[in-house]
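This report concerns only the one structure given below.
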Amino acid sequence: MAKQLSGSRPKRKIRPKPEPKPSSDSGSLQGWNAIAKFLGQTPAVAQRWHESGMPVENRGRRVSAAPEELTRWVGTDAGKSKPVHIAREQENLLADLKEGLAYVRRRGKDDNK
């Protein structure tokens with residue numbers, strides 16, 4: 001056995017925290033970290049939004065939320081007539097942008113009448 005020098009400690013391995021993932025069985029987001037990551041916010045902001053009515057299911061100490069419900073809530077809570085769409089990595093953002101621009105143009109024509 002090697003002798004340790006006084007004052008030195010053995011090095012600890014630091015493990016990276018696992019990424020929050022949606023639950024594979026139900027498709028819902030499990031925990032504040034997963035919900036916050038989906039919304040692009042911090043867990044503290046997600047918890048504050050929950051206090052103001054964001055749809056989150058409490059199961060004792062655990063929380064979960066459906067991505068579709070969160071997307072719907074984000075759009076309607078801000079008083080928008082068209083819900084906000086939260087993009088995911090595998091989606092076509094160009095198509096979403098074109099759809100959003102078309103919506104704004106249609107709305108502008110309606111306002112000018």
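Worth pointing out:
- Taking packing as the residue-averaged number of other Cβ atoms within 10 angstrom, the listed peptides 97-104, 41-48 run from highest to lowest as 41-48, 97-104.
- Model label points for residue 93 and residue 59, set 7 angstrom from Cα along the Cα-to-Cβ axis, are 3.2 nm apart.
- Label-point gap, in nm, between residue 50 and residue 72 - each point 7 angstrom along Cα→Cβ: 2.0 nm
None of the figures in this text is laboratory data; all of them are computed from the coordinates on show. For clarity, every value in this text was computed on a predicted model and none was experimentally measured. Every residue, glycine as well, gets a Cβ built from its backbone with ideal geometry; the counts of neighbours run over all protein chains shown.
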